[in-house]
Amino acid sequence: MLMCARLGQRLTLGSFLLFALALSVAHANDVDPPASPHHRSVARRVRDSGESPNLRSAAALVLDATHSSVLYSRQADVAMPIASITKLMTALVVADARLPLDEEIEITGEDKSLHKGAYSRLTVGTRLSRGDLIHLALMSSENRAAHALGRSYPGGVPHFVQAMNAKAHDLGMTNSHFVDPTGLSSDNIASPEDLSKLVLAASENPTIRNYSTDPYYSVRVGRHLMEFHNTDSLVSNPTWNILVQKTGYIAEAGRCLVMQAVIEGRNVVIVLLNSFGKRTRVADAARIRKWMEATLGTDGRHGIASIS
């Protein structure tokens, strides 16, 4: 039932393309993306009300994707390190290549990172299906899993990175650049505006949606069944309806979180970058939801939010 609810809430590919085009045009002309006259008035009153979600993240973007409207932004066009948010792009590139999810891939020494603080529970010699690797990369932010996905791509990691940047170009992510499939490099950068487009694209893929929001997942590593947990505690919170999400952290990026969730009956994209405290990104997401619930009500005639 939960999967059906999520499928019912997701955007269509056509609406995503229209929204991405609207966002790009709006940024170029320093105006809001087009929306209905009623909703433009609502969004304007929300922004001009003097209220804000009082976020602690250094950069943020809140989009009402249902009505193609920017509700809140802070440094939304500034490119910065995105850490493991990268893994959403990694999953999209693998999906685009239509590589078999049941193909078994072995973790090798090439997948071991020299990045200080990098961590993985997958030992060299572990053999998992490509589907399992995507699952662990998205849900548990497994670095060796993500690197193995890039290494097993036709042409290896160099060709995979080329495909990542080509996909970013196709999505209109004009302030983005990728150098590795894990996000451990601080040279993987994007702006909040770019990441909103990445989230919307990821939300079109049922596998990415389901894997990224799975609370936990078990795989057999050697003789043992090993359980992995989601790095985003919000997916286990029954008061949230999250359609797709990804967390990230390296020192250069701070704590990061992107997601698409249903708030007040709307598909809302939230991008939070460079949060310094361990709980700040989750607290900021809660502040956004509380702010929207307090500011917006529902117009029963048209299902369009209005000031209560």
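Would you check if there is a residue in segment 239-251 being over 18 Å from the mean Cα position of the chain (by Cα), free of Cβ contacts under 8 Å to residues at least 12 places away in the same chain and surrounded by fewer than 18 Cβ atoms within 10 Å (Cβ to Cβ)? Looking for residues that are over 18 Å from the mean Cα position of the chain (by Cα), free of Cβ contacts under 8 Å to residues at least 12 places away in the same chain and surrounded by fewer than 18 Cβ atoms within 10 Å (Cβ to Cβ), one finds at least one in segment 239-251, hence yes. Of all residue pairs spaced 6 or more apart or on separate chains, those with beta-carbon atoms under 7 Å, a first member in segment 121-138 that is at positive phi and a second member that is of a type in the set (Asp, Glu) and surrounded by fewer than 16 Cβ atoms within 10 Å (Cβ to Cβ) are 125/106. Scanning segment 169-208 for residues that are closer than 24 Å to residue 151 by Cα, surrounded by fewer than 18 Cβ atoms within 10 Å (Cβ to Cβ) and among the hydroxyl-bearing types (Ser, Thr, Tyr) yields 186, 207. Per this entry, residue 96 is counted among residues that are surrounded by fewer than 22 Cβ atoms within 10 Å (Cβ to Cβ), in a helix (DSSP H, G or I) and touching a residue at least 60 places away in the same chain (Cβ under 8 Å).
The criterion of being touching a Leu at 6+ places or on another chain (Cβ under 8 Å), of a type outside the set (Asp, Glu) and closer than 26 Å to residue 242 by Cα holds for residue 171. In this structure, is residue 204 over 17 Å from the mean Cα position of the chain (by Cα) and either modelled with pLDDT under 95 or of a type outside the set (Lys, Arg) (or both)? No, not satisfied.
The values are calculated or read from the model by the stated rules, or taken from the named source; none is laboratory data. Keep in mind that what you see is a predicted model, and the values were worked out from it rather than measured. As a convention, Cβ positions derive from the backbone with ideal geometry for all residues, glycine included, and neighbour counts pool all protein chains shown.
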